[in-house]
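Notes follow the structure.
The values are calculated or read from the model by the stated rules, or taken from the named source; none is laboratory data. Quantities reported herein were computed from a predicted structural model and do not represent experimental measurements. Backbone-built Cβ (ideal geometry, glycine too); neighbour counts: all protein chains shown.
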Amino acid sequence: MKPLILLILGTAREGNESQKAFNYVRKQLEARDDLELKTVECAEYIHNKTIAPWQNDPIINPWKELVAKASGFVIITPEYNHGYPGELKLLLDQEFNGYKGKAVLVGGVSDGMWGGTRVIEALVPVLRDFDMRIVRSDLHFPNIKQFNPEDEATDKLYSELVKKSIDELLSKIG
């Protein structure tokens, strides 16, 4: 059976630029025949009330079911003020034990030249606390407003990086 990978867009902001990187990674994952893919957007699980993770919540329950089935995760998230979006943290915090021992790859997105390095650094301790197996080959998408995967040079560079990172993710699934 192929491992189920959840590709998560870590923002609910309308018109976000991270969608470019998310869509690019999605296409790379869809082209592979060694995994099953499910895309997830934080906006699907956002609501106006706060419910504790142990309470029965019809909006969050599908997330918990996905986490239970998933073998690994790819999180593509923007860097907002050196950190990650609150909606990503809210989504991740709705589960705890379901992440234990599962592989995770983080892709950081930024408008500047750092490519989400600081958001990755901020998110890794959270993922460690969930006892996840973190892929060392992070994905970085700098200057996202200029990101054009249709450009042959850009595609060649990123496709090699994404392949390497996904191969490492799959090697951690076991």
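Looking for something more than 30 Å from Gln146 (Cβ to Cβ), assigned to a loop (DSSP other than H, G, I, E, B) and hydrophobic (A, V, I, L, M, F, W, C) - is there at least one such residue anywhere in the stretch 67-90?
Within the stretch 67-90, one or more residues are more than 30 Å from Gln146 (Cβ to Cβ), assigned to a loop (DSSP other than H, G, I, E, B) and hydrophobic (A, V, I, L, M, F, W, C).
Please find, among Ala12, Ala31, Ala21, Ala43, the residue that is surrounded by fewer than 18 Cβ atoms within 10 Å (Cβ to Cβ), of a type in the set (Gly, Ala, Ser) and in contact (Cβ under 8 Å) with a residue 40 or more places away in the chain.
Only one candidate qualifies: Ala43.
Please identify the pairs in which a residue from the stretch 134-155 that is within 18 Å of Arg26 (Cβ to Cβ) and among the charged types (D, E, K, R) has its Cβ atom under 7 Å from the Cβ atom of a residue that is in a loop (DSSP other than H, G, I, E, B) and at pLDDT below 95, counting only partners at least 6 apart or on another chain.
Filtered contacts from the stretch 134-155: Asp155/Pro149.
Looking at Leu90, is it in contact (Cβ under 8 Å) with a residue 40 or more places away in the chain and either more than 13 Å from the chain's Cα centre (by Cα) or crowded, with 21+ Cβ neighbours inside 10 Å (or both)?
Against the criterion (in contact (Cβ under 8 Å) with a residue 40 or more places away in the chain and either more than 13 Å from the chain's Cα centre (by Cα) or crowded, with 21+ Cβ neighbours inside 10 Å (or both)), Leu90 qualifies.
If the requirement is being of a type outside the set (D, E, K, R), on the phi > 0 side of the Ramachandran plot and either surrounded by 18 or more Cβ atoms within 10 Å (Cβ to Cβ) or out of contact with any strand residue (DSSP E or B) (no Cβ under 8 Å at 6 or more places or on another chain) (or both), which of these qualifies: Asn56, Asn81?
Asn81
Pick from Gly115, Gly107: which is assigned to a strand (DSSP E or B), within 20 Å of Phe141 (Cβ to Cβ) and either polar (S, T, N, Q) or out of contact with any Lys or Arg (no Cβ under 9 Å at 6 or more places or on another chain) (or both)?
Step by step, each of Gly115, Gly107 is checked, and only Gly107 is assigned to a strand (DSSP E or B), within 20 Å of Phe141 (Cβ to Cβ) and either polar (S, T, N, Q) or out of contact with any Lys or Arg (no Cβ under 9 Å at 6 or more places or on another chain) (or both).
In this structure, does Thr117 turn out to be farther than 25 Å from Ala31 by Cβ and not acidic (Asp, Glu)?
Against the criterion (farther than 25 Å from Ala31 by Cβ and not acidic (Asp, Glu)), Thr117 qualifies.
Return the total of residues in the stretch 3-19 being within 20 Å of Tyr99 (Cα to Cα) and of a type in the set (Gly, Ala, Ser).
The total comes to 1.
Considering each of Leu161, Leu169 in turn, give the residue that is part of a helix (DSSP H, G or I), farther than 15 Å from Leu7 by Cβ and at pLDDT 95 or above.
Leu161
Take Lys64 and decide whether it is in a strand (DSSP E or B) and either surrounded by fewer than 18 Cβ atoms within 10 Å (Cβ to Cβ) or among the charged types (D, E, K, R) (or both).
no
Of everything in the stretch 61-77, what is out of contact with any strand residue (DSSP E or B) (no Cβ under 7 Å at 6 or more places or on another chain) and charged (D, E, K, R)? Give them in sequence order.
Hits for the stretch 61-77 are Lys64, Glu65.
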